[in-house]
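Worksheet: one structure, shown below.
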Amino acid sequence: MTAAAPLQEELRELYRDLILDHARSPRHFGKLDDASNRAEGINPLCGDKLKVYLKIKDDGVISDASFEGSGCAISVASASLLTETVIGLTTDSALSYVDAVLAALAGQQKDPADVQLGKLAALQGVREFPSRVKCATLAWRALNAAIHDDKQPATTE
Amino acid sequence: MNEHSQKLAKPVTSGLRDCRSDFPALDQEVNGHSLVYLDSAASSQPPSAVISAVAEYQAHDHANVHRGVHTLSHRATEAYEGARDRAQSFINANTRNEIIFTRGTTEAVNLVAQSFSRPTLKPGDRILITHMEHHSNIVPWQQVCEQTGAELVVAPIDGKGQLKTDELIAQLDERVRMLAIAHVSNALGSINPLREIISNARRFDIPVLVDGAQAVPHMPVDVQELDCDFYALSGHKMFGPTGIGILYGKEAKLDAMPPWQGGGDMILEVSFAGTTYNELPYKFEAGTPNISGAIGLGAAIGYLESIGMALIERHESEILAYMMAELDKIDGIRLIGTADKKASVQSFLLDDIHPHDLGTILDHKGVAIRTGHHCAMPVMEHFSIPGTARASLALYNNRDDVDRLTEALLVAKKIFKK
């Protein structure tokens, strides 16, 4: 068996250290017992499922967030980064992030002034891998559903 | 080296000629690497013989079949019916009337469920399937159970992904009014001992439908020797086009069944007072059929016969043994589906890397595999896993393909190393 060739740039773009770190050690993983809102996200193409839990205070601020489920490195890292991002935000602000992330993953140049992608920019590596974009969007669609308290699971389709 | 690799590693001596150049799709680069196609269980690549047969028909002979008096209609009919004759001979059906063209295996199973089973099932009757079935051999039976009050019963599989044949045989009794079973499991590769099972089903006069989609491209199939009542297959899994498949049925069974869909071609005479249905096989082929698909499938059968199914079976079993042995050498691999009798596919997991991540990395190295549940979610549930990576073989694969697969898996390990 020959030695593995040097890793190609695009693969490293997809599997950046930050993504691998969050995939291996997801933040805020598990059920949030005192959640006020929750929603499920399903990717029917691969069967991946995850749940997003939010604790939204009366003033509309998300005071805590978590997720659970199983999925690929991209979907788990995206969900983990999501929880880090939205804790402390108002729901309106979190929804702006949903728009910004979905637009960024779709390759659209839409960068509202009040949204700085920051770490989330690491997710943009999926743009070179069209079959994997839905993995990265799953958690964000579930977040959107949780804020709107949708009873139906959010899907990537 | 563990038990598998010792038992299975042996030199290649199949004698199959290198037929890769017959398949134009294999001669391309993907992501900067020559393509290694290990997803034939999902859909196989067509040889030039199929591509040109379809193109020739489209370019020169296309017209509607069975009705025209003009030359092109005659040519189209000859070609379409010629494909039926080829299929009859290929699976050794008794008569050409037993070959029904369908859209594929899925439609063939649905046809039997709705036309054969639904009119006769009653509450208390049972339909027996196995735990390794593809969704297309589960859902049509669930539907007919809902429609009739019959009960769906499932025969178990073991930790190697083999059918527990004794338990299935013990489940056979007067209540079972259909046994629907895969010839070869699409997710696990397990080959079921159909002769033994079917001869036991005969004791209770249980009709048997075999899902042959994953068997026909890989081994000789003789429906009379199997003595099954129905056998379903798909063109695109045996190097033919998509949207065409075959339902084989014993003539006496098909004769007794009502038509499934109504329309043109399946009638002898229509008036508003009533309709006289056409004879077999046309009774089950309502509407203008997939003429070019059938012609392409006929060409695929011709191609397979020119090589020889016994030779293909031997070649693939050697490559599969090599693949299982090489995969087993990789630290952290878990082979899913290690039946004693297997064909063509190997499912696996590597470390705790999600199958989709494996699929993406392999694709980047030009290696095409399938990832996910493979339309066999009960199989995944049996092994308590969400999905697998699956490498599947066809006659055009060789040891180099296996080496490229294992090299790419080592790249994935490197990316995900802790």
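The values are calculated or read from the model by the stated rules, or taken from the named source; none is laboratory data. Model, not experiment: these values are computed from the prediction. When we count neighbours, we look across all protein chains shown, and the Cβ atoms used for this are built from the backbone with ideal geometry, even at glycine. These accessible areas exclude ligands, DNA and RNA; they are computed on the full protein's heavy atoms, side chains included. Shrake-Rupley method; radii C 1.70, N 1.55, O 1.52, S 1.80 Å.
Below, the figures for the structure above:
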| item | result |
| --- | --- |
| Estimated distance in nm for a label pair at B:GLU167 and A:SER70, the labels positioned 7 Å out from Cα along Cα-to-Cβ | 2.1 |
| Bins of 10 Å, starting at 0 and running to the largest distance - Cα pair percent for the protein assembly as shown | 3, 16, 23, 22, 19, 12, 4, 0 |
| Contact surface B-A: accessible area buried, both sides summed, square angstrom, 1.4 angstrom probe | 2000 |
| Relative contact order computed over chain B (Cα-Cα under 8 Å; 6+ residues apart), in percent | 25 |
| When segment A:1-146 is reduced to its Cα atoms, the Kirkwood hydrodynamic radius in Å | 15.5 |
| Two-decimal Rg to Rh for segment B:50-306 - Kirkwood Rh, Cα set | 0.99 |
| FRET E, pair A:ASP149, B:LEU152, Förster distance 45 Å, beta-carbon r, rounded to 0.05 | 0.80 |
| Calculated diffusion of segment A:60-157, Stokes-Einstein form, Kirkwood radius summed over Cα pairs, 37 °C and 0.692 mPa s, µm²/s | 243 |
| Heavy atoms of A:ASP150 accessible to a 1.4 Å probe, total area in Å² rounded to 10 | 70 |
| In Å², nearest 10: area of B:HIS134 left accessible to a 1.4 Å probe | 50 |
| GNM top mover of B:ILE244, B:ILE333, B:ILE369 - chain B, alpha-carbon springs below 10 Å | B:ILE333 |
| Heavy-atom accessible area per residue - the protein assembly as shown, 1.4 Å, Å² | 41 |
| Chain B: DSSP helices with Cα axial extent of at least 20 Å and average Kyte-Doolittle hydropathy no lower than -0.5 | B:291-307, B:309-328, B:399-415 |
| Ranking by accessible area, most exposed first, for B:GLU133, A:GLU13, B:GLU174 with a 1.4 Å probe | B:GLU174, A:GLU13, B:GLU133 |
| Using a Förster distance of 22 Å, the FRET efficiency for B:GLU196-B:LYS253 (Cβ separation, nearest 0.05) | 0.50 |
| Average silhouette area of segment A:29-80, convex hull of alpha-carbon atoms, in square nanometres | 3.7 |
| Interface residues in segment B:375-418 - accessible area drops by 50 Å² or more relative to the isolated chain, probe 1.4 Å | B:GLU407, B:LYS414, B:ILE415, B:PHE416 |
| Projected label distance in nm at B:VAL270 and B:GLU56, using a 7 Å step from Cα toward the beta-carbon | 3.4 |
| Cα→Cβ-extended label distance, 7 Å offset, between B:ASP18 and B:SER43, nm | 2.8 |
| Inverse of mean 1/r across different Cα pairs in segment B:192-289, Kirkwood, Å | 15.3 |
| Förster-model FRET efficiency, 25 Å R0, A:ARG12 and B:SER34, C-beta, rounded to 0.05 | 0.65 |
| Portion, in percent, of the accessible area of the protein assembly as shown that falls on carbon or sulfur, probe 1.4 Å | 49 |
| Check: segment B:101-160 dipole with +1 on Lys, Arg Cβ and -1 on Asp, Glu Cβ, in debye | 100 |
